[in-house]
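Only one structure is covered here, and it is reproduced in the block below.
Read-outs throughout are calculated quantities, based only on the coordinates presented, and are distinct from any laboratory measurement. Bear in mind the structure is a predicted one, so any value in this text is a computation, not a measurement. Every residue, glycine as well, gets a Cβ built from its backbone with ideal geometry; the counts of neighbours run over all protein chains shown.
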């Protein structure tokens, strides 16, 4: 679940808006992934057109399923577009809210939470600015039209979050797609770094950088990631060494 528009509109300060995402109701299951790539692109086009009409130009950073569905095309569908960006102003957020609302009018599949910043709940406050800057520097554009640019979150961060959840360290239990997501994010990390392998010590440094705790369970997950990576990309060697 993401922030509702009414709650967005009740706050004027951009920082308050970033901290508003509601906690998940205990026992509530996540929405089924039913928004495919074409649906998401159409909805984002509507948001972009609305913002452009208001003479705005907004950048957001997406995490999770939207990145896989739109950019990597490793998933057929997802249930929302989850974003963050600590540099957004109150005016930027207002345009996002109204643009997202306009998109729902043209597609009954979209509810009021399809474009939300709930992910901010899972990012420590002292990490938010750095992650925003890293994503902008990485510049992996998953969507761009006049008015709106959507960037992918830093690949090492996305990878570490998946490994952490697979190892049982996340707030939510692991999902069936997490291993493949981790493999896809690791692949992009290696491509951006122009290397074929990454030392395990570096992966552990990523964990420390993103305030995640490494446990013995992570070693088992790394073995699974290595095996899945070799199969998915027909690689002869392990990507994590």
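Taking only Cα atoms, what is the 0 to 90° angle, nearest 10, from helix 125-138's long axis to the longest principal axis of the chain?
Tilt of helix 125-138: around 80 degrees.
Return the distance in nm (one decimal) between the two label points of a simple spin-label model at residue 130 and residue 109, each offset 7 Å from Cα along Cα→Cβ.
3.8
In degrees between 0 and 90, to the nearest 10, how far off the longest principal axis of the chain does helix 216-233 point, with axes built from Cα atoms?
80
Below 8 Å between Cα atoms, with a sequence gap of 6+, how large is the relative contact order for the chain in percent? Don't jump to the answer; show the numbers that get you there.
On the way: 363 pairs, mean separation 47.2, N = 241.
Worked out over the chain, it gives 20 percent.
Here are several values of Rg and Dmax of the Cα atoms in Å: (i) 17.7, 67; (ii) 17.8, 55; (iii) 18.8, 57. Which one was derived from the coordinates shown?
(ii)
With r defined as the distance between the Cβ atoms of residue 145 and residue 121 and R0 fixed at 30 Å, what FRET efficiency is calculated, to the nearest 0.05?
The pair residue 145/residue 121 has a calculated efficiency of 0.60.
Hey, could you grab the Kirkwood Rh for the range 183-241? Inverse mean 1/r over distinct alpha carbon pairs, Å, one decimal.
Values: mean 1/r = 0.0843 Å⁻¹.
One decimal place: 11.9 Å for the Kirkwood radius.
With r defined as the distance between the Cβ atoms of residue 230 and residue 57 and R0 fixed at 41 Å, what FRET efficiency is calculated, to the nearest 0.05? Working shown, then result.
Working: r = 42 Å, r/R0 = 1.03.
With a Förster radius of 41 Å, E is 0.45.
Need the full-extension length gain, residue 195 to residue 237, defined as separation in residues times 0.36 nm minus the C-alpha distance. One decimal, nm.
13.9 nm
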